[in-house]
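The values are calculated or read from the model by the stated rules, or taken from the named source; none is laboratory data. All of these numbers come straight from a predicted model, not from anything done at the bench. Calculation scope for accessible area: heavy atoms of the full protein, side chains included, ligands and nucleic acids excluded. Shrake-Rupley method; radii C 1.70, N 1.55, O 1.52, S 1.80 Å.
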Amino acid sequence: MSELNIVPVDRRHLLSAEQMAHFVTEGFLLLDAFVPQELNERVYQEQVKGGQGHTFWNRTDAIREVFELPEVQGIIQSLVGSRPVYDHSFLHIVPDHYPVAQDWHGDSIIDVRPHAFDIQLFYFSHDAPPEMGPTLILPGSHLRKINTFSLARYKNIVGQRQLAGKAGTLAILHHGIWHCAQPNATDRTRYAFKLRLRPGQEQRGLFNLDGSDSPEVRSIIEHGYQRWQGNEDRLDHMQRAKLWRYVTGDDSVDVSFEGALTRMGI
């Protein structure tokens, strides 16, 4: 099994309470041009030379250096702790003028955990504009567990968002988020590296908790409704509130709809 070297980072590299609230609410974070360009160029050269799927992680020093950056390590530690478990990685390669999109799906969601989650980090070493077909996601879908391609009959969903960005863009996804890769309409090959990590500890209080109970942070979760959620949007709100309790490590905090968790004695 491959490993990821994790070292303690300065507190300033941890996710803020506001960032964590967005992750809990929307199921992802998108950091545009986050990785230094010099490192992007080194990774891209290795990809062009013939990087391969599951072997790219072990054979390429530069890709591991991306995830050893203090800023990236802080994100990882904030979400899955200081002892994350390597699940798998893959270098996805989509040739130029490739006309086929993936169906909507969830990755390997056979999961009996009530609140714990894996993370999937998507990294682009080159510019990935919308026409190149970077992954499409549905914000807020991560807490509705599905079985792989059970929603593949859908094509476009209100509120969907593409993970487009400049070279060095890093997307951090909750493992449950619905997603699908898109056609590549450009004359360049698209490379997307994915790393999936499992938590090696309880995911409670791992981020920078400063301001986690502030009105501004609470508002992100309390008003994080998505149009596609329809009549079930309040049920999604309840799931967000439960996940917020878990990641803050505070079982008394209540950002649920009309304080339902407190009223029910939960």
- request: Take the solvent-accessible surface of the protein heavy atoms, probe 1.4 Å, and return the percent of it on the chain that carbon and sulfur atoms account for.
  value: 50
- request: Any chance you could run the full-extension gain for ASP213 through GLU68? It's 0.36 nm times the residue separation minus the Cα-Cα distance, nm to one decimal.
  value: 49.1 nm
task: Anything over 32 Å Cα to Cα? Flag those among LYS166/LYS242; LYS145/LYS194; LYS49/LYS155, in the order listed.
output: LYS166/LYS242; LYS49/LYS155
message: From the convex hull of the Cα coordinates of the stretch 1-80, what is the mean projected area in square nanometres?
response: 6.3
task: Give, in nm to one decimal, the length gained when the segment between GLU202 and ASN5 is fully stretched (0.36 nm per residue of separation minus the Cα-Cα distance).
output: 69.0 nm
task: Find how many whole Å separate the alpha carbon centroid of the stretch 86-156 from the alpha carbon centroid of the stretch 38-74.
output: 20
- prompt: If you roll a 1.4 Å probe over the heavy atoms of the protein chains, what accessible area per residue do you get for the stretch 1-65, in Å²?
  reply: 56
- prompt: If you bin every alpha carbon distance in the stretch 33-123 into 5 Å steps from zero, what whole percent lands in each bin?
  reply: 2, 10, 18, 21, 19, 16, 9, 4, 0
message: What does the C-alpha gyration tensor say about the overall shape of the stretch 108-206? Classify as rounded when a/c is under 1.5, otherwise prolate if a/b is larger than b/c, or oblate.
response: oblate
message: Helix-only estimate, please: 222 nm mean residue ellipticity of the chain, summing -39500 (n - 2.57) across DSSP H runs of length 4 or more and dividing by its residues, to the nearest 500.
response: -7500 deg cm²/dmol
- request: Starting from the Kirkwood radius over alpha-carbon pairs of the stretch 215-264, derive D by Stokes-Einstein at 20 °C in a medium of 1.002 mPa s and give it in µm² s⁻¹.
  value: 194
task: Send over a whole-number figure in Å² for the accessible area per residue of the stretch 133-266, probe 1.4 Å.
output: 45
field: Distance histogram for the chain (every C-alpha pair counted, 10 angstrom bins, percent rounded to whole numbers)
entry: 7, 30, 36, 21, 6, 1
